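Take a look at the structure below.
The values are calculated or read from the model by the stated rules, or taken from the named source; none is laboratory data. Because the structure is a prediction, the values reported are computed rather than measured. As a convention, Cβ positions derive from the backbone with ideal geometry for all residues, glycine included, and neighbour counts pool all protein chains shown.
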Amino acid sequence: MSAKPSVVALSLCAALSLPALADGMVGIENYQGKPASEHTIAANAALAKKLPWKDTTAFERTQRGLIAEFGTHAAGELKAKFDYMDAMSVKDLPPTVNPSLWRQGMLNYAAGGLYEVTDGVYQVRGADLSNMTIYRSDNGYVIHDPLLSDKAAAAAWDFAKQHLPKINGEHRITGVIYSHMHIDHFGGSRGIIDESFSGPILAPDGFLKELADENMIGGNAMGRRAQYQYGTTLPNSTEGIVDNALGLGTSDGMVTLVAPTEEIGERERWVTIDGLEILLINMPGAEAPAEMVAYLPKYRSLNTAELTYDGQHNIYTFRGAKVRDALVWTKYLTELKLRFVDSGKVDNIHAAHSAPVWGKEAVSDYLTLQRDNYGFVHNQSMRLANHGVTIHDVGRAIEKIVPESQFNTWHTNGYHGSYSHNARAVVNLYLGYHDMNPVNVNPLATQDKSCTYVEAAGADTLMAAGKRHFEAGEYQQASQLLNDVVTCDPDNAKARNLLADSYEQQGYQSETMAWRNSYLQGAYELRTGHVAESLKAASPDVIANTPTGLLLDYLAVRLNGPKAEAANLDFSFQLIHPDLNEVYYGEVSNANMANIQLAEPVEADLTLSVSKQDLTRVLLGQVALAEVSKIEGEAKYLEQLKGVLDTFESDFDIVPMPTQSR
């Protein structure tokens, strides 16, 4: 462990690391964080003494079955971004990183190449946030989860082809499986699927609906929030990004989607892809609203999708998504354990993230601990809630009672989810966000509440108290006070900088990557006043494959109620896809839009007839609606509707931004 620097040295480094501009802001070029404080160094060192460092089995699993490392191949592009880790090891504990999270980062960095799970099952790991799994079939290979971007998937498959044998003289893809509807499990599809592909593309029940639901309705807000969860403007360094829990980070390239040829509608179904038998089992509502696992009897292997990985997953994800059901998650894991592992049907499990687990006893123990991790969070959160512990306090309460068996097991640690925010998610699922304190029945707007405190105590008083807490290493208390000052007066440069400092030290102490990244991203934006462009999950492919009813639902979200009321909009419409024999009917009334799919056309004030493909072209701005549609009835309503639709900007404030940056 590094020697503890003096307070003078810390102050000098802090002054040198962030050059201030004339207006008190910091330049975004070559941005870097400040050093760890003496309190952060002490806290991380104390935690390091408690962790089970002797358990190195995860590193052994990560290296097992290595066929070839990436080297200079393009598939290693993501790993190359973290090459600062080359000169470091799990024993080199940076003072600016929680030691448990550092170990997870080093574990993910250790993966980088093509691996054999068992003869006939292979994985490319380290090319993206997720793993690409490859199954040998009679005449080629089945690809399971083609990564996040077309660029990464193409490179990963190219690398695999260099080391896997040709079958009948070629490397042919005979089928594709999407385990679930998160973008890192289908986004690279166009990188491996071209016009010559004729095999099946299988996905879980509800794949397209849930994909659109998650990425369209709240897509703009989710993209901005994801900047905090993933720290998208932070440098890859020990003061910035060190890991993204499920993998090192995300690849560059386009999120694409070749639509599935079939969604598995039954609870489970045996399928045969080019002679390879696979049992696909839908397990929705746990890690994703639409997700399925895969059992391959020929290879005595089970793909658990994202129901398992080397860490505690999210019950609630910071970027924003539907709250997940921790209880049903435990039931799925129990089912897999009893049905496939304890019964002796599989020799290994492999997943969409992390390395496989081999051996009946090891797999059974692994699944048991993973299950009990989510079960503990679920059951103890609701036990505490039934004692009256509120949603705001249950996170801290559950942190105090984590059992030693879970604390001393690496793969139940909170790298992606955390005991704290997952406990709050469980309570929210059952009881909702309200804690029943009457002061929160109709709470003040955020800025009004902060200004109430500032006006009562005075900004100088709160800042002085915040500084005292900071100097004592009580960074959360400092943040609480300083956040009110900044929220009430976003142009208070001294308060902004001290708030950024307090967030940063909390980030350095955080085990959960979303906590670390959120704190550090907040510090970055407070110091620079800069908001970068966010990732758009609703790519052209996603839009093209979104059911029209969901597109209309999104249109209803864009409708500005006050503007619609002022314009006195009141009309009915229907949209007909002649190519699909689909009819959608809607009404705009009372500052709202509603729609439903019908079996047959009905009377409406306005009727549009347009193919689904042409509608997609219209939405992507490639063609005007009038050029590709038949319009009947009152065409004036189209222009009136267009005039009351909001366009969402992706740079809205999360931490309060100074007025001059807006």
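None of Leu147, Leu101 is farther than 22 Å from Lys298 by Cβ, out of contact with any Pro (no Cβ under 7 Å at 6 or more places or on another chain) and part of a helix (DSSP H, G or I) except Leu101.
Which condition breaks for Ser502 when tested against (1) touching a Lys or Arg at 6+ places or on another chain (Cβ under 8 Å); (2) under 18 Å from His39 (Cα atoms)? Tallying (1) touching a Lys or Arg at 6+ places or on another chain (Cβ under 8 Å); (2) under 18 Å from His39 (Cα atoms), Ser502 fails exactly one: (1).
Remark: pairs (first residue in the range 29-48, within 15 Å of Gln506 (Cα to Cα); second residue of a type in the set (Lys, Arg); Cβ separation under 7 Å; 6+ apart in sequence or on different chains) = Glu38/Lys4; Ile41/Lys4. Ser89 satisfies every condition listed in (1) in a loop (DSSP other than H, G, I, E, B); (2) surrounded by 12 or more Cβ atoms within 10 Å (Cβ to Cβ) except (2). The number of residues in the range 155-171 that are in a helix (DSSP H, G or I) and over 16 Å from Asn131 (Cβ atoms) comes to 2.
Among residues belonging to the range 556-565 that are in a helix (DSSP H, G or I) and not charged (D, E, K, R), point out the one that is surrounded by the most Cβ atoms within 10 Å (Cβ to Cβ). Of everything passing the filter in the range 556-565, Ala564 is surrounded by the most Cβ atoms within 10 Å (Cβ to Cβ).
Check Asp553, Asp541 and return the single one that is outside the structural domain of Gln613 (by TED's automatic domain parsing) and outside any loop (DSSP other than H, G, I, E, B).
Working: Asp553 fails: outside the structural domain of Gln613 (by TED's automatic domain parsing).
Just one listed residue meets the conditions, Asp541.
Annotation: Thr174 fulfils all but one of (1) farther than 19 Å from Ala305 by Cα; (2) not in a strand (DSSP E or B); the unmet one is (2).
Take the residues in the range 317-327 that are over 10 Å from the mean Cα position of the chain (by Cα) and assigned to a loop (DSSP other than H, G, I, E, B); name whichever of them is modelled with the lowest pLDDT. Here the residue is Lys322. When the residues of the range 128-149 are filtered to those that are crowded, with 24+ Cβ neighbours inside 10 Å and among the acidic types (Asp, Glu), the one that is farthest from Phe82 (Cα to Cα) is Asp145.
Output the residue which, of all residues in the range 501-531 that are within 24 Å of the chain's Cα centre (by Cα), under 23 Å from Gln447 (Cβ atoms) and not hydroxyl-bearing (Ser, Thr, Tyr), is surrounded by the fewest Cβ atoms within 10 Å (Cβ to Cβ). Break it down into steps so the answer makes sense when it comes.
We begin by selecting, within the range 501-531, every residue within 24 Å of the chain's Cα centre (by Cα); these are 503-526, 530-531.
Pick out the ones that are also under 23 Å from Gln447 (Cβ atoms) and you get 503, 506, 518-519, 521-526, 530-531.
Right, trim to not hydroxyl-bearing (Ser, Thr, Tyr) and you get 506, 521-523, 525-526, 530-531.
Working: Gln506: 20, Gln521: 25, Gly522: 23, Ala523: 28, Glu525: 24, Leu526: 28, His530: 16, Val531: 21.
So, considering only residues that are within 24 Å of the chain's Cα centre (by Cα), under 23 Å from Gln447 (Cβ atoms) and not hydroxyl-bearing (Ser, Thr, Tyr), the one surrounded by the fewest Cβ atoms within 10 Å (Cβ to Cβ) is His530.
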